[in-house]
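Working notes, beginning with the structure itself.
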Amino acid sequence: MEEQEKHLEHIRKLRKKAMRLPLHPGVYIMHDQTGKIIYIGKAKALKNRVSQYFGSEKNHDKKVRQMVSNVEDFEYILTDSEFEALVLECSLIKQHTPKYNILLKDDKGYHYIKVTRGPWPRISQAKQMLDDDADYIGPFVSSWATKETVDEALKIFRLPSCSRKFPQDIGKGRPCLNYYIKQCSAPCQGKISQADYREAVKEAIDFLRGGSAECVRNLTKKMEEAAENLEFERAARIRDRLAAIKRMGDRQKVVALKVPEQDIIALAQGPERNCFEVFRFMNGRLCDRETYLMGEIGEPEAARSEFMERYYSMRDRVPPRVSLDGPASDMELLSEWLSQKAGRKVLVYVPQKGEQAQLVEMCRNNAAEQLAQSVGRTGREASALDELARLLGMAHPPAYIEAYDISNLAGGDNVAGMVVFENGRPLKSAYRKFKIKTVVGQDDYGSMREVIGRRLQEYFANKDSGEGFGRLPDLILLDGGKGHVAAVKPILEASGLDIALFGMVKDDKHRTRAIAEDGGEIAINSNRKAFTLVSSIQEEVHRFAIGYHRQTRKKNTLTTTLTEIEGIGETRARALLRHFRTLTAIRQADLAELETAPGMTKPAARKVYEYFHGEESPEMP
């Protein structure tokens, strides 16, 4: 307690110091107890920006709270404009690499294409030149582009990409799948002569060195010469290679753009990790891609801005256009900075429709896939959660979702079901059932209030465990419309817990139609991944709740049947059902079995036996 009070007193001192700052543009620098710089930021008005850090923790995300808890002191540098503050901030971050700024590793080393020597040369990608008696083409900056180019060359000229060695492995084992799909000439089975193989390698090298246009010209000339010399098989083989180059070119046209040069940047968020993906286009085609996995990044808008500052601080080339998947802080300022850096106008914007919006979506899907692979999920699940978070205005994708549904028949046998989806998948071990206790009759709003209230009580009783009810959801979904949300919202607000709350609205055919919020609805039909996820959650919680209701109704019906027997009340009836499981088993039980059942007496056992068997009851000893 004393340590906490010291910390709060320290924060108050820092806030008092921040309130004395001028309302002027500048850069602020946070230090820890050792004097080390842990964060650098810019501000249009230093007083307003810096004082926010030392206000209420409720206004901060996890990253900011961690940073503030380590701040011992801060200093600042005044600038003449916000633009100068941005330039200075970028320079200082590059110089000091503070812990809590987004830091990107510039791992763009050189890459090569390796061609081994010998009677059966092989072509592959290499990260560095070695003194290994091989030829190297390059260097190239992009590892992705180098790998793509090598893969294309091997497929076009039907060269092996396996690890077999020639001539040692010729005739050993069956050819691989690539031979059967016409992407390898199978030298391992002697399907191609050494001379033809070496010719194919030479043509592949020409393709890699000169590009597809020059390669097409050379191959066309060779094909015509072969035809004139009546070498029809050779001419046909070259014709097939030309057709393969054309098919590869047609495939690349899928990403051919009206804008010849641009970058696309997209963000995929997870509960603990995040991923930025960059697509770089040159001459209207995708020429490179980069993936950056990182931990806590804070608010998406600020993170996009900070990422762009770090990314283009490491790059000499700045394209005339940068397309983002969502808004970034200070977009006009970023555009001005990039324009000055490039020496020409640079547009930074968020496309809303058309070709650019489709490419942004493709980039975002790739970011989600990379993020999913890093945390052991599927790209579809990560994309759906990311899309749902954007749709609902959540800062982070909801990793832990609880959904609730009420089930009854004309107000009788009121029950509720709770299902849990963790990382987009059902977590059945966390499912829970509720029997409504305080609501009589058909009152879904009242029943839902009771269930959510009881769930929150369980949290406060078990929060130290962090498991089961001791874990809070990121998102609560109610099977119902805005009325359900309005009914439950006051209970959440009274608890002081910050949990996103929405409803799931069905159409007249009981299919998911929209997401309900307090006061309105959010259409989700156009958001396919989020729509599929919410539909799955709604169907699952309905299935679970109605299943529990049927089970309860059946049990109550059986109990009612037994309570018609003289001497059998509800307690004894439930005990019989627990012991024998079914009414049929009770009917088939003999008198001795009934007498030894829990809670039974000999007179009560005889009454049950007589109820099902009439005058067949044996004489009581």
Pull up region 508-542, narrow it to residues that are of a type in the set (S, T, N, Q) and within 14 Å of LEU478 (Cα to Cα), then point me to the one that is farthest from the chain's Cα centre (by Cα). THR512
Restricting region 140-174 to residues that are in contact (Cβ under 8 Å) with a residue 12 or more places away in the chain and hydroxyl-bearing (Ser, Thr, Tyr), which is surrounded by the fewest Cβ atoms within 10 Å (Cβ to Cβ)? SER161
Sort out which residues of region 18-38 are of a type outside the set (Phe, Trp, Tyr) and surrounded by 15 or more Cβ atoms within 10 Å (Cβ to Cβ), and write them in order of number. ALA18, LEU21, HIS24, PRO25, GLY26, VAL27, ILE29, MET30, HIS31, ASP32, ILE37, ILE38
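May I ask you to say which residue of GLU593, GLU610 is surrounded by fewer than 17 Cβ atoms within 10 Å (Cβ to Cβ), at pLDDT 85 or above and either in a helix (DSSP H, G or I) or in contact with a Cys (Cβ under 9 Å, 6 or more places away or on another chain) (or both)? I'd like the intermediate steps shown before the answer.
Details: GLU610 fails: at pLDDT 85 or above.
Criteria check complete, one pass: GLU593.
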Before we move on, is VAL360 crowded, with 20+ Cβ neighbours inside 10 Å, over 19 Å from ARG390 (Cβ atoms) and β-branched (Val, Ile, Thr)? no
Can you tell me how many residues within region 568-590 are part of a helix (DSSP H, G or I) and either out of contact with any Leu (no Cβ under 7 Å at 6 or more places or on another chain) or surrounded by fewer than 13 Cβ atoms within 10 Å (Cβ to Cβ) (or both)? 12
Answer yes if at least one residue in region 372-386 is buried (at least 22 other Cβ atoms within 10 Å of the Cβ) and assigned by TED's automatic domain parsing to the domain that holds GLU277, and no otherwise. yes
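Out of everything in region 54-111 that is hydroxyl-bearing (Ser, Thr, Tyr) and in contact with a Phe, Trp or Tyr (Cβ under 8 Å, 6 or more places away or on another chain), what residue ends up being nearest to ASP135 (Cα to Cα)? Steps first, answer last, please.
As a first pass, look at region 54-111 and keep what is hydroxyl-bearing (Ser, Thr, Tyr): 56, 69, 76, 79, 81, 91, 97, 100, 110.
With in contact with a Phe, Trp or Tyr (Cβ under 8 Å, 6 or more places away or on another chain) added as a condition, the list becomes 76, 100, 110.
Working: TYR76: 55, TYR100: 44, TYR110: 16 Å.
Once the filter is applied, the top-ranked residue is TYR110.
If the requirement is being in contact (Cβ under 8 Å) with a residue 12 or more places away in the chain, among the hydroxyl-bearing types (Ser, Thr, Tyr) and not assigned by TED's automatic domain parsing to the domain that holds ASP479, which of these qualifies: TYR609, TYR548? Show your work before the answer.
Numbers: TYR548 fails: not assigned by TED's automatic domain parsing to the domain that holds ASP479.
Testing whether each residue is in contact (Cβ under 8 Å) with a residue 12 or more places away in the chain, among the hydroxyl-bearing types (Ser, Thr, Tyr) and not assigned by TED's automatic domain parsing to the domain that holds ASP479 leaves just TYR609.
Quick one: is GLN128 among the polar types (S, T, N, Q), assigned by TED's automatic domain parsing to the domain that holds ASP206, over 18 Å from GLU299 (Cβ atoms) and assigned to a loop (DSSP other than H, G, I, E, B)?
Numbers: among the polar types (S, T, N, Q): yes; assigned by TED's automatic domain parsing to the domain that holds ASP206: yes; over 18 Å from GLU299 (Cβ atoms): yes; assigned to a loop (DSSP other than H, G, I, E, B): yes.
Against the criterion (among the polar types (S, T, N, Q), assigned by TED's automatic domain parsing to the domain that holds ASP206, over 18 Å from GLU299 (Cβ atoms) and assigned to a loop (DSSP other than H, G, I, E, B)), GLN128 qualifies.
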Within region 125-139, the count of residues that are without any contact (Cβ under 8 Å) to a residue 24 or more places away in the chain and under 15 Å from ILE205 (Cβ atoms) comes to 3
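Restricting to strands (runs of 3 or more DSSP E) lying wholly in region 262-350: which have 1 or more residues that are in contact (Cβ under 8 Å) with a residue 60 or more places away in the chain and closer than 18 Å to GLU361 by Cβ? Spell out the reasoning first.
Numbers: elements: 262-269, 274-282, 285-294, 321-324, 347-349.
Hits in region 262-350: 262-269, 274-282, 285-294, 321-324.
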Within region 445-460, is there a residue that is assigned to a loop (DSSP other than H, G, I, E, B) and without any contact (Cβ under 8 Å) to a residue 60 or more places away in the chain? no
With respect to ASP479, is the statement that it is at pLDDT below 90 and over 27 Å from the mean Cα position of the chain (by Cα) true? no
Residue count, region 220-255 (criterion: out of contact with any Phe, Trp or Tyr (no Cβ under 9 Å at 6 or more places or on another chain), modelled with pLDDT under 80 and within 23 Å of THR149 (Cβ to Cβ)): 14
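The values are calculated or read from the model by the stated rules, or taken from the named source; none is laboratory data. Bear in mind that the values here come from a model prediction, so they are computed numbers and not experimental data. Using ideal geometry, Cβ is built from the backbone for each residue, glycine included, and neighbour counts are taken over all protein chains shown.
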